[in-house]
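Below you'll find the structure, written out as structure tokens, and then a few comments.
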Amino acid sequence: MSSVSIIGLGNMASALAGRALAGGNTVEIIGRDRAKAEELAAALGGATVGTYGVTPAGEIVILAVPYASAAAVVSEYGDVLRGKVIIDITNPASPDFTSLVTPDGSSGAQEIAKAAPAGAHIVKAFNTLFSNVLAAGPAEGRQMDVFIAGDDAQAKARVSAFIESLGLRPLDTGQLPMARALENAALLEMGLVAHSVKHTNFFLGVSILS
């Protein structure tokens, strides 16, 4: 099992923390508003509360904050993140959810990686799962897929093991630049929500044919 620190207090933070605890992982909740962090930890049961800006206790640090502030958060923490595996779950979408706000040829994960200290390993994951679906778990007997991308094989192996502890299936898509494809996949989901599916009770997955 893994030791995980989650920076953020929103719906994704809550969903990930709940599944992580159910999977037997150690979970630390971190937020700028300590009172809200304590409230979330109490609601979850079993999670501890960390101090924002101090070295996270977890070997895996999950960035569950809006993309607009993610790189700044990583910069604030600085060298204390050295040696950590940092999971970026953000989506750098425009306000109308029709395009990405990252530079051409880059991804949100790559931009966040630029703010991370040497020795920290960024892995893109969970960005194609809606919080309500993640919290609910497997639907109709189908295991949910979590697409990951990253440059360090060992870091991806640790993230994959964590994903499996949540009862989900990790699917490695390649190096960190593949995060741009995953972020575009999230835009595809937003298009489905806006134009055809009309709700968020679905997930993207892979059916492997025998």
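The values are calculated or read from the model by the stated rules, or taken from the named source; none is laboratory data. Quick caveat: nothing in here was measured; it's all calculated off a predicted structure. In this analysis, Cβ positions are derived from the backbone assuming ideal geometry, glycine residues included, and neighbour counts consider all displayed protein chains.
For the condition more than 22 Å from Ala135 (Cα to Cα), surrounded by 13 or more Cβ atoms within 10 Å (Cβ to Cβ) and without any contact (Cβ under 8 Å) to a residue 12 or more places away in the chain, Ser106 does not qualify. Looking only at residues of the stretch 176-210 that are in contact with a helix residue (DSSP H, G or I) (Cβ under 9 Å, 6 or more places away or on another chain) and in a loop (DSSP other than H, G, I, E, B), we find that the one that is surrounded by the most Cβ atoms within 10 Å (Cβ to Cβ) is Phe203. Residue count for the stretch 136-150 satisfying the condition of being modelled with pLDDT of 90 or more and assigned to a strand (DSSP E or B): 6.
Annotation: of all residues in the stretch 43-53 being of a type in the set (A, V, I, L, M) and outside any loop (DSSP other than H, G, I, E, B), the one that is nearest to Val123 (Cα to Cα) is Val49.
Considering the stretch 57-90, the residues that are touching a residue at least 12 places away in the same chain (Cβ under 8 Å) and polar (S, T, N, Q) include one that is surrounded by the most Cβ atoms within 10 Å (Cβ to Cβ), namely Thr90. Only residues that are surrounded by 14 or more Cβ atoms within 10 Å (Cβ to Cβ) and either within 13 Å of the chain's Cα centre (by Cα) or touching a residue at least 60 places away in the same chain (Cβ under 8 Å) (or both): list them for the stretch 23-56, please. Answer for the stretch 23-56, where residues must be surrounded by 14 or more Cβ atoms within 10 Å (Cβ to Cβ) and either within 13 Å of the chain's Cα centre (by Cα) or touching a residue at least 60 places away in the same chain (Cβ under 8 Å) (or both): Gly23, Asn25.
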